[in-house]
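What follows draws every value from the coordinates through simple rules; no lab data is involved. Please read these numbers as outputs of a predicted model, since none were measured by experiment. Positions of Cβ are generated from backbone atoms using ideal geometry, with glycine treated the same way; all protein chains shown enter the neighbour counts.
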Number of protein chains: 2
Amino acid sequence: MHPIVKCPFAPFKARFAYERRHQYFMQCAYNEAIRAWNEGEVPIGAVAVIDDKIVASAYNRVEKDRDATAHAEMSLIRQLSKNFGDWRLSNVTLYITKEPCPMCSGAIYKARISSIYIGLYDEQQGCVGGCCHFNHAVKLNHKLQVYLEPLDGACETLLKTFFKLRRRALG
Amino acid sequence: MHPIVKCPFAPFKARFAYERRHQYFMQCAYNEAIRAWNEGEVPIGAVAVIDDKIVASAYNRVEKDRDATAHAEMSLIRQLSKNFGDWRLSNVTLYITKEPCPMCSGAIYKARISSIYIGLYDEQQGCVGGCCHFNHAVKLNHKLQVYLEPLDGACETLLKTFFKLRRRALG
């Protein structure tokens with residue numbers, strides 16, 4: 001386990017306004033990421049939205065659950081499947097603070113989610129445009145719409161600062 | 001839900017012999033796939049092996065659990081993480097009747113599994129050689145060894161027959 005360094009960033013006091021709803025939902029995902037940070041996890045958060053309402057929220061819990069599959073997006077998809085009794089989640093939009101990894105991107109396609117908003121592209125492992133794009137790289141019978149909502153760089157700053165402080169704490 | 005057509009194939013009466021152990025483990029995975037079939041699922045099975053012992057087995061349960069993430073490989077990784085209290089499963093070898101999809105391939109890399117045996121490549125969605133290969137397509141700080149153990153084509157025949165009979169049952 002890495003030592004926990006308290007998150008120096010404040011959560012957004014998010015305010016919903018129809019014309020700023022994508023920002024609002026991403027701010028809620030960002031606040032989930034801060035919760036992850038304060039529990040010693042890589043700070044990634046996500047919320048699921050149907051008809052302009054948040055129906056589930058989650059954050060990365062790999063260390064806490066000691067489970068490599070416990071990413072925020074996976075937790076959301078499992079929660080929603082359980083709640084709705086259906087593995088098809090085509091009416092759900094996800095807001096995720098970082099572009100999903102190969103596993104989570106794959107799960108998003110498998111669950112037939114049609115659109116996601118991401119706070120940041122990931123050139124190392126992102127599979128919806130950052131490093132590769134499953135719309136083209138794999139023959140899945142489903143296409144995904146991906147939109148960027150970076151909160152003026154807050155999503156990127158959060159992650160970069162986390163890794164900087166963690167490296168410093170490790171000496 | 002699709003109608004359930006009973007599986008016309010018999011399970012292997014698998015016999016362990018040191019020099020045929022990969023066959024043996026794949027036969028056990030195949031038998032899991034037959035269980036999936038008889039519960040109305042796409043017949044894919046998997047077992048996890050440590051030091052020549054099966055430590056967990058699983059089959060596809062997407063329809064039963066109504067959860068797009070309930071693939072055999074994901075269930076195995078979650079079971080093992082829970083049992084061992086660690087998300088790193090680098091000493092585990094998986095035997096899977098079909099090459100893993102993007103989600104499961106991603107999870108295998110995230111869990112740091114170092115080698116897998118597959119019964120069949122998947123040119124549509126396989127992400128460890130069939131359609132693309134995460135060893136090259138994504139910048140994951142981990143490499144995976146992939147071996148083929150097709151059981152004289154039994155893994156392929158099982159899947160092809162399943163889809164043929166399902167199409168016929170649907171008229």
Legend entry - segment B:105-118 residues that are without any contact (Cβ under 8 Å) to a residue 60 or more places away in the chain and facing chain A (nearest Cβ under 9 Å), paired with ones that are assigned to a helix (DSSP H, G or I) and hydrophobic (A, V, I, L, M, F, W, C) (beta carbon under 7 Å, 6 or more apart): B:Ser105/B:Phe134; B:Gly106/A:Met103; B:Ala107/A:Met103; B:Ala107/B:Met74; B:Ala107/B:Ile77; B:Tyr109/B:Phe134; B:Lys110/A:Met103; B:Ala111/B:Ile77
Legend entry - Selection status of B:Arg78, in contact (Cβ under 8 Å) with a residue 40 or more places away in the chain, basic (Lys, Arg) and part of a helix (DSSP H, G or I): no
Inset, instruction - Would you mention how many residues in segment B:30-45 are within 14 Å of chain A (Cβ to nearest Cβ) and crowded, with 21+ Cβ neighbours inside 10 Å? - result: 2
Legend entry - Residues of segment A:1-36 satisfying the condition of being in a loop (DSSP other than H, G, I, E, B) and acidic (Asp, Glu): none
Legend entry - In segment A:46-103, the residues that are among the hydroxyl-bearing types (Ser, Thr, Tyr) and facing chain B (nearest Cβ under 8 Å): A:Thr69, A:Ser81
Inset, instruction - Taking the options A:Ile54, A:Ile50, A:Ile34, name whichever one is in contact (Cβ under 8 Å) with a residue 60 or more places away in the chain, of a type outside the set (Gly, Ala, Ser) and in contact with a strand residue (DSSP E or B) (Cβ under 9 Å, 6 or more places away or on another chain). - result: A:Ile34
Inset, instruction - Would you mind finding the one in A:Lys143, A:Lys164 that is part of a helix (DSSP H, G or I) and among the basic types (Lys, Arg)? - result: A:Lys164
Inset, instruction - Answer yes or no: is there a residue in segment A:45-55 that is assigned to a helix (DSSP H, G or I), under 20 Å from A:Val128 (Cβ atoms) and among the hydrophobic types (A, V, I, L, M, F, W, C). - result: no
Inset, instruction - Sort out which residues of segment A:7-22 are within 12 Å of A:Ile96 (Cα to Cα) and surrounded by 19 or more Cβ atoms within 10 Å (Cβ to Cβ), and write them in order of number. - result: none
Inset, instruction - With respect to B:Val128, determine if the residue is within 14 Å of chain A (Cβ to nearest Cβ), surrounded by 17 or more Cβ atoms within 10 Å (Cβ to Cβ), in contact with a strand residue (DSSP E or B) (Cβ under 6 Å, 6 or more places away or on another chain) and under 30 Å from A:Gly130 (Cα atoms). - result: yes
